[in-house]
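J.: Starting off with a structure, shown below.
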Amino acid sequence: MAAAEEKKRVFVKTYGCQMNVYDSERMTDALAADGYVPTQKVEEADLVLLNTCHIREKAAEKVYSELGRIRVMKEEAARAGRQVMVGVTGCVAQAEGAEIARRAPVVDLVVGPQSYQHLPRLLKDVAAGRRAIETEFAIAEKFDALPAATKAQTRARGVTAFLTIQEGCDKFCTFCVVPYTRGAEVSRPAGAIIEEARRLADAGVRELTLLGQNVNAWHGDGTDGRSWGLGELLYRLAEVPGLDRLRYTTSHPRDMDEALIAAHGDLPALMPYLHLPVQSGADRILAAMNRKHGADDYLRLTDRIRAARPDIALSSDFIVGFPGESDAEFEATMRLIETVGYAAAYSFKYSPRPGTPAALRDDMVEEAVMSERLQRLQALVAAQQTAFNRLAVGRVVDVLFEKPGRMAGQIMGRTPYLQAVAVEAGTERIGTIGRVAIDGLGTNSLFGTLAGAQPRPEALTAGNATAAETAP
Ligand code: 5AD
Ligand code: SF4
């Protein structure tokens, strides 16, 4: 047997969204208190956690095939006299529950996203030879009980950080599993969020991204006893010393209120990039998706946001081939994209998720039609993205340097518009914001040269330029 004081190693594989990244970090922090150190090598782990995603097709199948590989590894370790514990966490754990342990006996532990605070106790059950399955919803308790990262842990993660302020969703879009896997909307109190933000800033975090499945539905008791919305919270966070950049994701168009839009105009720390998914540009499809707004509502909203912050870069998610989507309805989505002009977008073929209303429909769009639509949509978005990135060439922008680049002597950072930039400079600049003259355009990043303090950074006015270039 290993000596009790010997370090145990945990390997965490994270699938899906940024909230899972944040949750994986919180779990790693909680396990650190139990003597676990993180490892990148699955074969040396004493505990393997798969933090899973259930949003689109085949997610569960991917997890099962990964578990097949892990089973072989676990058996080898057992022959060498070493116990390896295997856990499935995240949304597949929530959706499948005990079914996972039945289908994959290699799994010792199934924990849903709201129960991570119980991990240390559940691991003790497993070590004692009992399987542990926990998929209760108790998010308030989760955040109270999970330990905060230490300064050293935060420093090791770099100068950008995520902070979950809200979980769950009450919107019930008819294609989406989130309301079932993450449960009802719950907001963390402002005080706890501001405290966590201060700790992160103290440990060197310069850019904070607030996370929530429906982040702009956040509302909570403010530190002044009134109820706040996300706008008010952002004003407060902008006062935290050291936090130079704030972002939030993902937002629902219906929850963009006046205070939040005003914050985009007022707060220099609030970065001019907003992920605001619309999913479709056709009113009938938006209604069938239960999005609770039409295409025109969305266009008016983006106009208002741009009135507050003219250079804001917008991104969106799109689903092509929602059941019953006609050619004309797909064209309406293409027109909306042309009108808005996006700096980036994520697009997916519709995939039926068991348990969601849309999965019961019998008018699925043919696979070949979906593929063709996706290709056209992605080509349009790629052209807009390139046009947007090209706006930066020849200008000076502020870049937050985040990490060493791929090439020696290079560091990587991001512009306020979330564009990646590679610059020839020393790693001592990591964690600082520098002026960079953009002089080249790669496929996934911009190239730039340090510009010194003199030239003023310039705003990129994305929407106008791309809309003008692509308008019929
Ligand atoms: N099929 C395809 N795409 C989906 N998304 C969510 N559910 C589905 C589904 N059933 C996409 C949406 C959402 C993003 C996170 O994933 O576009 O905004
Ligand atoms: Fe899913 Fe987002 Fe709709 Fe909520 S708002 S149901 S998370 S797509």
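J.: Which of rounded, prolate, oblate describes the range 382-460, given a ≥ b ≥ c as roots of the alpha-carbon gyration tensor eigenvalues and a/c under 1.5 marking rounded, otherwise prolate only if a/b is larger than b/c? All intermediate terms of the calculation are to be shown ahead of the outcome.
T.: Details: a/c = 1.92, a/b = 1.28, b/c = 1.50.
Since a/c reaches 1.5 but b/c is at least a/b, the shape of the range 382-460 is classed as oblate.
J.: Based on the Kirkwood radius over alpha-carbon pairs, what is the Stokes-Einstein translational diffusion coefficient of the range 1-134 at 37 °C with 0.692 mPa s viscosity, in µm²/s?
T.: 223
J.: Which FRET efficiency value, to the nearest 0.05, do you get for Thr386 and Arg131 by plugging their Cβ-Cβ distance into 1/(1 + (r/R0)^6) with R0 = 56 Å?
T.: 0.65
J.: How many angstrom lie between the Cα centre of the range 145-217 and the Cα centre of the range 400-433?
T.: Between the Cα centres of the range 145-217 and the range 400-433 lies a distance of 25 Å.
J.: Shifting gears a bit: Could you list Arg198, Arg306 in order of exposure, starting from the residue whose Cβ has the fewest other Cβ atoms within 10 Å? Intermediate results must be reported in sequence, preceding the final value.
T.: Details: Arg198 16, Arg306 22.
Going from sparsest to densest Cβ surroundings: Arg198, Arg306.
J.: For the pairs Lys8/Lys74; Lys62/Lys292; Lys62/Lys142; Lys124/Lys151, flag any whose C-alpha to C-alpha distance is greater than 22 Å.
T.: Lys62/Lys292; Lys62/Lys142; Lys124/Lys151
J.: Taking Cα pairs under 8 Å and at least six residues apart, what relative contact order does the range 63-195 come out at, in percent? Kindly include the intermediate steps, with their values, before the conclusion.
T.: Values: 159 pairs, mean separation 25.1, N = 133.
Rounded, it is 19 percent for the range 63-195.
J.: Another question, if that's okay. Search the structure for amide H atoms under 5 Å from the amide H of Arg9, placed 1.01 Å from N in the peptide plane, and list their residues when 5 or more places away or on another chain.
T.: Val37, Asp46, Leu47
J.: Starting from the Kirkwood Rh over alpha-carbon pairs, what translational D in µm² s⁻¹ does the range 167-312 have by Stokes-Einstein at 20 °C and 1.002 mPa s? Don't skip to the end; give the middle numbers.
T.: Working: Rh = 16.1 Å.
For the chosen part, D equals 133 µm²/s.
J.: While we're looking at this one, here's another question. So how much slack lies between Arg155 and Val72, counting 0.36 nm per residue of separation and subtracting their Cα-Cα distance, in nm? The partial results should precede the final answer.
T.: Numbers: separation 83, 0.36 × 83 = 29.88 nm, distance 3.53 nm.
Using 0.36 nm per residue and subtracting the Cα-Cα distance, I get 26.4 nm.
J.: What whole-number volume per residue, in cubic angstrom, does the convex hull of the C-alpha atoms of the range 325-372 give? Walk me through the numbers before you get to the answer.
T.: Values: hull volume 4.9 nm³, N = 48.
Hull volume over Cα atoms, normalised by residue count, gives 102 Å³.
J.: What ³J(HN,Hα) values, in whole Hz, does the Karplus curve 6.51 cos²θ - 1.76 cosθ + 1.60 give for the range 182-199 when θ = phi - 60°, with x put for Gly and Pro?
T.: 9, x, 6, 4, 9, 9, 7, x, 4, x, 5, 5, 5, 5, 5, 4, 4, 4
J.: Give me the percent of DSSP beta bridges within the chain that run antiparallel, rounded to the nearest 5.
T.: Among the beta bridges of the chain, antiparallel pairing accounts for roughly 35 percent.
J.: Residues of the range 420-434 with the amide nitrogen closer than 15 Å to a label point 7 Å from the Cα of Val21, along Cα-to-Cβ, please.
T.: 420-421
J.: To the nearest 20 debye, what is the magnitude of the charge dipole of the range 177-285 about its Cα centre, counting +1 on the Cβ of each Lys and Arg and -1 on the Cβ of each Asp and Glu?
T.: Magnitude of the dipole: close to 340 debye.
J.: Shifting gears a bit: List the residues, sorted by chain then number, that are 5 or more residues from Asp257 or on another chain and whose placed amide H is less than 5 Å from its amide H.
T.: Under 5 Å from the amide H of Asp257: no residue qualifies.
J.: Next question. Using the Cα gyration tensor of the range 6-49, with a ≥ b ≥ c the square roots of its eigenvalues, what is the shape: rounded (a/c below 1.5), prolate (a/b larger than b/c) or oblate (neither)? Walk me through the numbers on the way to the answer.
T.: Details: a/c = 3.39, a/b = 1.46, b/c = 2.33.
Because a/c hits 1.5 or more and a/b fails to exceed b/c, the range 6-49 counts as oblate.
J.: Provide the three semi-axes, in whole Å and in decreasing order, of the ellipsoid equivalent to the chain as defined by the square roots of 5 times the Cα gyration tensor eigenvalues.
T.: Details: eigenvalues 264, 168, 100 Å².
Semi-axes (√(5λ), whole Å): 36, 29, 22.
J.: Of Asp363, Asp255, Asp317, how do they rank once you tally other Cβ atoms within 10 Å and put the fewest first? Intermediate values should be presented prior to the final figure.
T.: Details: Asp363 8, Asp255 17, Asp317 14.
Exposure proxy ranking, most exposed first: Asp363, Asp317, Asp255.
J.: Let me ask you something else. With the dipole of the chain worked out from charges on the C-beta (+1 for Lys and Arg, -1 for Asp and Glu) around the Cα centre, which of Ile100, Met289, Leu276 lies farthest toward the positive end?
T.: Positive-most Cα among the choices belongs to Ile100.
J.: Applying the Karplus parametrisation 6.51 cos²θ - 1.76 cosθ + 1.60 with θ = phi - 60° to the phi angles of the range 280-292, what ³J(HN,Hα) value in whole Hz is obtained for each residue in order, glycine and proline being reported as x?
T.: Karplus values, whole Hz, x for Gly and Pro: 8, x, 10, 4, 5, 5, 4, 5, 5, 7, 6, 7, 6.
J.: Another question about this same structure. Taking amide H positions as placed in the peptide plane 1.01 Å from N, state which residues far from Phe162 in sequence (5 or more) or on other chains have amide H under 5 Å from it.
T.: Those lying under 5 Å, H to H, from Phe162 are Thr209.
J.: Please order Phe175, Phe322 by the number of other Cβ within 10 Å, starting at the fewest. Don't skip to the end; give the middle numbers.
T.: Values: Phe175 24, Phe322 27.
In order of increasing Cβ crowding within 10 Å: Phe175, Phe322.
J.: Would you mind estimating how fast the range 148-196 diffuses translationally, via Stokes-Einstein at 20 °C and 1.002 mPa s with the Kirkwood radius over Cα pairs, in µm²/s?
T.: Numbers: Rh = 13.0 Å.
D = 165 µm²/s.
J.: Classify the range 31-98: rounded, prolate or oblate, from the alpha-carbon gyration tensor (a ≥ b ≥ c, eigenvalue square roots; a/c under 1.5 rounded; otherwise prolate if a/b is larger than b/c)? It would help to have the intermediate numbers written out before the result.
T.: Working: a/c = 2.35, a/b = 1.49, b/c = 1.58.
Since a/c reaches 1.5 but b/c is at least a/b, the shape of the range 31-98 is classed as oblate.
J.: Multiply the residue separation of Ala33 and Arg300 by 0.36 nm, subtract the distance between their alpha-carbon atoms, and state the gained length in nm to one decimal. Numbers along the way, then the final one.
T.: Values: separation 267, 0.36 × 267 = 96.12 nm, distance 4.96 nm.
Taking 0.36 nm per residue and subtracting the Cα distance, the gain is 91.2 nm.
J.: Using the Cα centre as the reference, give the magnitude of the dipole from point charges on the C-beta atoms of the range 94-135 (Lys, Arg: +1; Asp, Glu: -1; all else neutral), rounded to the nearest 20 debye. Don't jump to the answer; show the numbers that get you there.
T.: Values: 6 positive and 5 negative charges, 28 e Å.
The dipole of the range 94-135 has a size of about 140 debye.
J.: So what is the relative contact order for the chain, in percent, with contacts set as C-alpha pairs under 8 Å and at least six apart? Intermediate values should be presented prior to the final figure.
T.: Values: 966 pairs, mean separation 45.8, N = 472.
RCO, the chain: 10 percent.
J.: Could you check the spin-label model distance between Asp221 and Ala145? Points 7 Å from the Cα along Cα→Cβ, value in nm.
T.: Distance between label points: 2.1 nm.
J.: Okay, next question. What are the ³J(HN,Hα) values, in whole Hz, obtained from phi via the Karplus relation 6.51 cos²θ - 1.76 cosθ + 1.60 with θ = phi - 60°, for each residue of the range 439-448 in sequence order, with x given for Gly and Pro?
T.: Taking θ as phi minus 60°, the curve returns 10, x, 10, x, 6, 10, 8, 9, 10, x Hz for the range 439-448.
J.: Taking the range 104-195, how much of its Cα-Cα pair set, in percent, is spaced more than 21 angstrom apart?
T.: In whole percent, the long-distance tail amounts to 48.
J.: Placing +1 at every Lys and Arg Cβ and -1 at every Asp and Glu Cβ, with all other atoms neutral, what dipole size does the chain have around its Cα centre, in debye to the nearest 20?
T.: Values: 56 positive and 61 negative charges, 210 e Å.
Here the chain has a charge dipole of around 1000 debye.
Read the figures in this text as sums done on the coordinates, not as results from a lab. Just so it is clear, the structure is predicted and the values come from calculations on it, not from any experiment. We place every Cβ from the backbone using ideal geometry, glycine too, and count neighbours over all the protein chains shown.
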